[in-house]
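Asks: Quick one: the structure is below, and I'll ask about it shortly.
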Amino acid sequence: AQTVTQSQPEMSVQEAETVTLSCTYDTSENNYYLFWYKQPPSRQMILVIRQEAYKQQNATENRFSVNFQKAAKSFSLKISDSQLGDTAMYFCASAANAGNMLTFGGGTRLMVKP
Amino acid sequence: GAGVSQSPRYKVAKRGQDVALRCDPISGHVSLFWYQQALGQGPEFLTYFQNEAQLDKSGLPSDRFFAERPEGSVSTLKIQRTQQEDSAVYLCASSLEVETEAFFGQGTRLTVV
């Protein structure tokens with residue numbers, strides 16, 4: 001079984017600044033994947049970044065990067081140079097092995113202020 | 001198609017009514033997933049298909065929930081005798097294979113009154 005916890009219900013950041021969203025997880029799997037998804041008001045989940053647990057190097061995608069601490073079971077998302085379009089709900093998720101049967105956290109609402 | 005399409009976008013049902021929610025995955029995608037997202041919460045896994053085979057239905061909350069994908073493409077999630085606690089957004093996702101990126105639809109918001 002897997003659990004994912006996001007301890008920050010809401011966050012705000014000024015445009016162009018950097019913000020970090022927290023996520024912790026628990027799993028009994030040896031091989032697993034971690035994800036960050038963005039959900040704007042349109043409700044469509046958009047994949048932001050994906051990390052394979054066996055890879056030590058932190059994943060990066062343009063302005064988005066993660067800090068993956070495997071021993072601590074922590075997977076935080078850093079958004080650099082925040083833009084107004086980054087305003088959305090952000091969900092951390094995990095999946096056993098390579099599958100897409102995702103376990104989601106409760107989400108963090110991010111507001112980027114002009 | 002260009003993306004995962006779900007219909008209807010919104011559905012209001014009277015308690016006790018049966019509903020059917022449709023998901024059109026991206027053409028050629030083998031894997032299809034259904035999730036339930038209650039208001040203010042993260043999505044929860046309901047069921048998974050590989051082609052027409054339903055390989056995992058462990059997340060279906062009761063026997064009132066039934067999903068099918070008879071030809072390995074379009075999928076329908078059916079809820080019988082709807083209850084107020086069924087009110088949620090139902091999300092569908094598809095992927096080329098089970099281990100590749102899943103693409104989500106915009107969901108169906110079901111409100112049971």
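Asks: So, by mean Cβ neighbours within 10 angstrom, what's the order for A:12-18, A:74-80, B:36-42 with the highest one leading?
Replies: Peptide ranking by packing, descending: A:74-80, B:36-42, A:12-18.
Asks: So, one more: Over the protein assembly as shown, with every protein chain in place, what whole percent of the accessible area is carbon and sulfur at 1.4 Å, could you tell me?
Replies: The value for the protein assembly as shown is 46 percent carbon and sulfur by accessible area.
Asks: Per residue, how much accessible surface does chain B expose to a 1.4 Å probe? Answer in Å², no decimals. Let's see the in-between values first.
Replies: On the way: 5470 Å² over 113 residues.
Computed with neighbouring chains in place, this is 48 Å² per residue.
Asks: Here is a further query. Which cross-chain or sequence-distant (5 or more) residues have an amide H under 5 Å from the amide H of B:Gln17, H modelled 1.01 Å from N in plane?
Replies: Counting only residues 5 or more places away or on other chains, the set is B:Thr82.
Asks: Where does the charge balance sit around A:Ala16 when Lys and Arg score +1, Asp and Glu -1, over other residues with C-beta under 13 Å from its C-beta?
Replies: Neighbour charge sum, excluding A:Ala16 itself: -2.
Asks: For B:Lys78, what charge total do you get from the other residues with a beta carbon under 14 Å from its beta carbon, if Lys and Arg give +1 and Asp and Glu give -1?
Replies: Numbers: positive: B:Lys11, B:Arg22, B:Lys57, B:Arg64, B:Arg69, B:Arg81; negative: B:Asp18, B:Asp63, B:Glu68, B:Asp86.
Spelling it out: positives minus negatives among the neighbours equals +2.
Asks: Also, I was wondering about something else. Taking only protein heavy atoms into account and a 1.4 Å probe, give the accessible area per residue of the stretch A:9-107 in Å².
Replies: 46
Asks: Please check the stretch B:67-113 for residues whose accessible area, probe 1.4 Å, is lower by 30 Å² or more when all protein chains are in place than in their chain alone.
Replies: The answer is B:Val98, B:Glu99, B:Glu101, B:Ala102, B:Phe104, B:Gln106 - residues whose exposure falls by at least 30 Å² when every protein chain is included.
Asks: Amide H neighbours of B:Ser5 under 5 Å, counting only residues 5+ apart in sequence or on other chains, H built in-plane at 1.01 Å?
Replies: Close amide H contacts, sequence-distant or interchain: B:Asp24.
Asks: Considering lysine pairs in the protein assembly as shown that are 8 or more places apart or on different chains, how many have Cα atoms under 30 Å apart?
Replies: 20
Asks: Shifting gears a bit: Between B and A, buried accessible area summed over both sides at probe 1.4 Å, in Å² to the nearest 100?
Replies: The buried area between B and A, both sides summed, comes to about 1700 Å².
Asks: For the stretch A:19-24, in order, what is each residue's ³J(HN,Hα) by Karplus, 6.51 cos²θ - 1.76 cosθ + 1.60 with θ = phi - 60°, in whole Hz (x at glycine and Pro)?
Replies: 9, 10, 9, 9, 7, 10
The values are calculated or read from the model by the stated rules, or taken from the named source; none is laboratory data. Because the structure is a prediction, the values reported are computed rather than measured. Reconstructed Cβ throughout: ideal geometry from the backbone, glycine too, with neighbour counts over all protein chains shown. Just the protein is used for accessible areas: all its heavy atoms, side chains included, with ligands, DNA and RNA removed. Shrake-Rupley method; radii C 1.70, N 1.55, O 1.52, S 1.80 Å.
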